[in-house]
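Heads up, the thing below is written out as structure tokens.
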Amino acid sequence: MSSPGPEGKFKREGFVISSSGPLTKYYDVEQRKLGQGTYGSVSKAVNKSTGALRAVKQISKSQVKNIERFRQEIAIMKQLDHPNIIKLFETFEDHKNIYLVLELCTGGELFDRIIEEGYFTEKNAAVLMKQILAAVYYLHSHKIVHRDLKPENFLFLNKTPDSPLKIIDFGLAARFESGQVMTTKAGTPYYVAPQVLQGKYDYACDTWSAGVIMYILLCGYPPFHGDTDAEILQKVKAGKFKFNEADWKNVSGEAKDLIRKLLTFNPKDRYTAEQALNHPWVQHLAQASDAPISRSIVDNFRAFRAQSQLKKAALTVIAQQMSENEISTLKKIFMALDKNGDGSLTVQEIREGLTKAGLKDIPPDLEQLMKEVDSDGSGVIDYTEFLAATLDKKLYIQEDVCWAAFRVFDIDGNGKITAEELQHVLGMDSVKGAFDNTAIANIRDMIREVDRDGDGEIDFDEFMKMMRDRK
Ligand code: AMP
């Protein structure tokens, strides 16, 4: 596992539980399928203790050709934390299948929405592109390339007109190093970048695909098309496309300019996701909605800092599991503060956001406060870290919510959290699994703060008490 982090810091990957027990112990799974993928099906499910609605993706182990590749997909998903990327809550495994418990999307595929609408107004297309580009920017800054961006891989969270859009599939995603050249041919004909077909490419293949999606959103058909896959791929290889006058005469020059910059043949000259997010077309048409940024955010950060270590971790688990409608205001604030749209906040962004909202006296210890909110020590505030520090107490002290969080820490399900379990969930195991004195001492301190009966472990009553206490 991972090396112990700096004191008081923890990793969130361990918060996605991997169980070998039966899925049906914790979830009622509906018979009717929501969809069918290459290796398995997706069904709606209800968490038996919290009533939370989820999507369960069932993958047959015998059908997956490369199970290690699939485990890599899960490992990538566990690491991701962005409002436009589907959340993975937990995984189950039995002798036949692996099950992924995911955030449930009820708004349908972007692909179907395009078929229904034909094409989108520029404003609507910009709102969608901003979300697609934000997710891609986030992935690229975390050194992950998606390699299969297409409208089928985006789902709307719900059926409202302004529903968020989420990337759902990471089946072809890979980690990369700066300057690394990839050679595996992956993708889907209409959307694949020419360099992928040449067998020599880098993460810029994703921004090409984003350009193809943007083109389709605005006219209803792809820039490179043909009757067969071979014909399509031939057009992609040449990389030449046109804006047919009849279909594009009412589309702005700014939109066409951004498409040209994304569909630039040479990946070195192609726009990055960050540049695209800053392009005037996105900036003008897809402005962040007004969010109630106020002094109370800083007060919340301050209160969060005063919490015990374990409570901070528990709040983070809870924040990770909250559904979007419960945290919609907080999400709006986060998006409004996230000036460059990369899905994380710097101290500078928070300072600017507060100043813009008219706050006169920015607290001098803001930077120190932010360091405490940055619970994984990455140097920036991630989405879930922000939510954890600003969650409303009324939401998080509900017993079922706390029980779901308790389950994450209580790995063996015996009703008590031990030091070993805590160490494992927080990613504080030492490199070789060897005994690490500092990490163990940290963990014991965390337990001691909460362990009222002094038995060295934490039961659910103690956990609930910790959540209800002011500190
Ligand atoms: P996949 O195996 O990821 O390609 O998923 C197959 C189909 O299941 C998709 O095309 C969606 O229609 C549906 N689906 C996948 N994930 C979800 C989800 N999180 N919520 C709702 N439906 C989903």
Residues of the stretch 37-47 classified as surrounded by fewer than 18 Cβ atoms within 10 Å (Cβ to Cβ) and within 7 Å of the ligand (Cβ to nearest atom), total: 2
Members of the stretch 35-64 found to be over 20 Å from the mean Cα position of the chain (by Cα) and either among the small types (G, A, S) or assigned by TED's automatic domain parsing to the domain that holds D169 (or both), listed by number: G35, G37, G40, S41, S43, A45, S49, G51, S60, S62
Out of I76, I115, sole residue that is open to solvent by 20 Å² or more (accessible area, probe 1.4 Å), part of a helix (DSSP H, G or I) and aliphatic (A, V, I, L, M): I115
Residue identified as on the phi > 0 side of the Ramachandran plot, more than 10 Å from the ligand (Cβ to nearest atom) and open to solvent by less than 80 Å² (accessible area, probe 1.4 Å) among G8, G21, G14, G108: G8
Selection status of P189, away from the ligand (no atom under 16 Å from the Cβ), modelled with pLDDT under 95 and in contact with a Gly (Cβ under 9 Å, 6 or more places away or on another chain): yes
Some residue of the stretch 409-420 being within 25 Å of the chain's Cα centre (by Cα) and open to solvent by less than 30 Å² (accessible area, probe 1.4 Å): yes
Which numbered condition V136 misses (of (1) open to solvent by 10 Å² or more (accessible area, probe 1.4 Å); (2) away from the ligand (no atom under 13 Å from the Cβ)): (1)
Pick from the stretch 170-183, criterion closer than 17 Å to K150 by Cβ and part of a loop (DSSP other than H, G, I, E, B), ranking: most open to solvent (accessible area, probe 1.4 Å): L172
The one condition in (1) surrounded by fewer than 16 Cβ atoms within 10 Å (Cβ to Cβ); (2) in a helix (DSSP H, G or I) that S378 fails to fulfil: (2)
Elements of type helices (runs of 4 or more DSSP H) contained in the stretch 382-471, each with 1 or more residues being closer than 26 Å to G343 by Cβ and β-branched (V, I, T): 383-390, 399-409, 419-425
Set V196, V192: member being open to solvent by 10 Å² or more (accessible area, probe 1.4 Å), at negative phi, in contact with a Cys (Cβ under 8 Å, 6 or more places away or on another chain) and assigned by TED's automatic domain parsing to the domain that holds Q131: V192
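Listed here are the residues, each with its yes/no results for (1) of a type in the set (S, T, N, Q); (2) more than 12 Å from the ligand (Cβ to nearest atom); (3) touching a residue at least 60 places away in the same chain (Cβ under 8 Å).
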site	(1), (2), (3)
D28	no, yes, no
S49	yes, yes, yes
V56	no, no, no
R69	no, yes, no
N84	yes, yes, yes
F92	no, yes, yes
V101	no, no, yes
Meets criteria (open to solvent by less than 20 Å² (accessible area, probe 1.4 Å) and under 30 Å from L102 (Cβ atoms)) for A314: yes
Residue match in the stretch 379-402 (condition: among the hydrophobic types (A, V, I, L, M, F, W, C), over 30 Å from A134 (Cβ atoms) and modelled with pLDDT of 90 or more): yes
K371 vs. criteria farther than 13 Å from R302 by Cα, open to solvent by 10 Å² or more (accessible area, probe 1.4 Å) and assigned to a helix (DSSP H, G or I): no
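The values are calculated or read from the model by the stated rules, or taken from the named source; none is laboratory data. Just so it is clear, the structure is predicted and the values come from calculations on it, not from any experiment. Cβ coordinates were reconstructed from backbone atoms using ideal geometry, including for glycine residues, and neighbour counts include every protein chain displayed. Remember, those area values only see protein heavy atoms, side chains included, never the ligands or the DNA or RNA. Shrake-Rupley method; radii C 1.70, N 1.55, O 1.52, S 1.80 Å.
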